[in-house]
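The values are calculated or read from the model by the stated rules, or taken from the named source; none is laboratory data. Since the structure is predicted, the reported quantities are computational estimates derived from the model, not experimental observations. Positions of Cβ are generated from backbone atoms using ideal geometry, with glycine treated the same way; all protein chains shown enter the neighbour counts. These area figures cover heavy atoms from the full protein model, side chains too; ligands, DNA and RNA do not enter into them. Shrake-Rupley method; radii C 1.70, N 1.55, O 1.52, S 1.80 Å.
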Amino acid sequence: MQFKNISIRNFRVFVDEELSFSQHPERNVTVLHGQNGSGKTTVLNALRWALYGNVQYDRGTDSLPHQGRMSDLSEGEMLTVETTLEFEDDGTDYEVHREQGFQKRNDQDLEGIPGDQEVTLSKIDAPGAREEIQNPTVRLEQLMPERLSSLFLFDGE
């Protein structure tokens, strides 16, 4: 599996970001480097959330929604957290999109009440036509089993 790009919306420190990964055949490693708190681990968790619907936090709050965007909402309003990951596996292009709404409980609430997660997985052919895959979580588990994810998705600090 080779990641192509990820789009991250309202996820932790990111309001609306897109990150492209190296596709160069000989220099295909992408390194994330930055100050503490700049979002490196959040990118890792966005990848994990896109693929498996969960995250692994070793410190700080485990809240997904962007706190600034949550603070702008009125009581009862929803904020949608989304990731879209494009990747290639064995010559086939895929796109996984995961989203989840969070409803603000009161004026001080920055975490929200989580709604149901929705996930779609599409296979994309050369002309760009999309075929939605049924049972996306099963297919994602076949492509990259979660039990092996710590070997590929890890904090190199």
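As a summary of the residue check, Asp90 satisfies the conditions (1) open to solvent by 70 Å² or more (accessible area, probe 1.4 Å); (2) at pLDDT 95 or above; (3) not small (Gly, Ala, Ser) except for the one numbered (2). Screening Met78 against (1) open to solvent by 50 Å² or more (accessible area, probe 1.4 Å); (2) touching a residue at least 40 places away in the same chain (Cβ under 8 Å); (3) under 24 Å from Thr137 (Cβ atoms) leaves a single unmet condition, (2).
Go through the range 1-44 and give me each residue that's more than 20 Å from Tyr94 (Cα to Cα), without any contact (Cβ under 8 Å) to a residue 60 or more places away in the chain and part of a strand (DSSP E or B). Answer for the range 1-44, where residues must be more than 20 Å from Tyr94 (Cα to Cα), without any contact (Cβ under 8 Å) to a residue 60 or more places away in the chain and part of a strand (DSSP E or B): Phe14, Val15, Asp16.
Here are the criteria: (1) assigned to a helix (DSSP H, G or I); (2) farther than 26 Å from Asn106 by Cα. Tell me which single one Gly68 does not satisfy. So Gly68 meets the others, but not (2). Reported count of residues in the range 114-135, each being under 15 Å from the mean Cα position of the chain (by Cα) and under 16 Å from Asp89 (Cβ atoms), is 1.
Within the range 6-19, the presence of a residue that is among the basic types (Lys, Arg) and at pLDDT below 90 is excluded.
Among the residues of the range 106-115, is any in a strand (DSSP E or B), under 23 Å from Asp16 (Cα atoms), touching a residue at least 12 places away in the same chain (Cβ under 8 Å) and aliphatic (A, V, I, L, M)? No: zero hits. Scanning the range 124-136 for residues that are open to solvent by 80 Å² or more (accessible area, probe 1.4 Å) and in contact (Cβ under 8 Å) with a residue 24 or more places away in the chain returns a single hit, Arg130. A single member of Gly53, Gly68 is within 12 Å of the chain's Cα centre (by Cα) and open to solvent by less than 70 Å² (accessible area, probe 1.4 Å), and it is Gly53.
For (1) more than 12 Å from Asn10 (Cβ to Cβ); (2) touching a Phe, Trp or Tyr at 6+ places or on another chain (Cβ under 7 Å); (3) polar (S, T, N, Q), each residue gets a yes or a no:
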site	(1), (2), (3)
Pro65	no, yes, no
Gly76	yes, no, no
Val96	yes, no, no
Thr120	yes, no, yes
Ile133	yes, no, no
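Within the span defined as the range 78-94, every residue fails to be in a loop (DSSP other than H, G, I, E, B), touching a Lys or Arg at 6+ places or on another chain (Cβ under 6 Å) and either of a type outside the set (A, V, I, L, M) or farther than 18 Å from Ser7 by Cα (or both).
Within the range 95-105, being open to solvent by 30 Å² or more (accessible area, probe 1.4 Å) and either at pLDDT below 95 or in a strand (DSSP E or B) (or both) holds for Glu95, His97, Glu99, Gln103.
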